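Structure first, commentary second.
Every number in this text was worked out from the coordinates using simple rules, so none of it is lab data. On a predicted model such as this, the values are computed, not experimentally measured, just so you know.
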Amino acid sequence: MSEVEFNNYTPSFIEAVEDFLRSDQSATDLRLAAAKASTGATGAAQRDAATRLQKLMSAFIGEIQQDPGIIDDFIKFQRSKLVDAVASGESREPAKALKNLRDIQALLTEQRQFPESREAPEGKDELIARLESSEMEAKREKILADVKPDPAAKFTKAVSADDYYNADKRAEQKREEFTKATGLKVAPDEDLKVDPPESDAQVAERIKADKLLDETKAAGEEMKAEREAARKAAAEKAAAEKAAEKKAQAPVAEKKAEAPDAADVLAPDMEETPEESFEDFDPYGEEPRAPEEPRAPEEPPPAALEELFKDAHGGPFDPKSSMDRRKMGEIKQLLAEQGGQGDMTNNQFALKLYRRFDYV
């Protein structure tokens, strides 16, 4: 190419060529690189400029791939152009284009040395041939050189059901394992009933597994003992608190028992008679009306019951739980026995509920 042709390639064009060489070099990549370089226009004008630039890039890339010396000439031209620009005090834009040209030269050199890295196999047969080639085999051996075999691989190797339940195949496998482990050959028709001895690696794995199992069992027993000790300590503490509470209440009960009732002191021989109310008196001589039965205390509303349940048991009431329904019944029973909650707070009622039903 002449200097006139080199002068037609703008810095944006050179940058677009480098972007394309760094991509997968598909037709789409070529269009994208050309569209990126075609600036200064919009709409149809931009599309036309991108199409022209795409054709120019395709021709230029084809020429430099066939004759890499074109890039050397282009670099020399760009270097002289940069020297002139610096001497005249103009823009240093040629420096960026020079760097792009050197990158393009390096990319072309890499593609010539490793062509397989830029091309995908045309089909399955070509891919299989490449995988089975001697170069790939050497690579695999080099990569797997430092990989140690898994001692448990023989125990984790999956086999089909037919092979697993095939007695002849299993017997042949056992004979091969025995010969490999001991060096003693076994006749093909001999029914070997002895398992081959374990290798050092297998013995180590088995000992390690047994040790881990023993440690797990010991840890489980220790946790169980700790739970039992904690449960026993909690029960003893609750019993001690209950005994202390009974002991504190005993003097009060004794004083109450020792003090005589005022009614007994004033009239020891008098029998208690029910007081007659004015309502029961009938001036016309009719039989007195029977006293009305005492009304049962009204049950608190559901919201109040649920609040009592939450304070007493530390969680909301679940009507689907049989245990929660039983505990709610005990709350209602205690309310009925003492005629309602009265002036008791929720916490005082909860304490009385614990004593009444022996909660731990």
Expressed in µm² per second, the diffusion coefficient of region 319-360 from the Stokes-Einstein equation, with Rh the Kirkwood radius over alpha carbon pairs, at 20 °C and 1.002 mPa s, is 198
Which of Lys148/Lys217; Lys180/Lys208; Lys148/Lys174 exceed 28 Å between C-alpha atoms? The answer is Lys148/Lys217
For Lys237, counting only lysines whose alpha-carbon sits under 17 Å away and dropping same-chain residues fewer than eight positions off, the answer is Lys246, Lys247
Looking only at lysines whose Cα falls under 21 Å of Lys36's and that sit 8 or more positions away or on another chain, we get Lys55, Lys96, Lys99
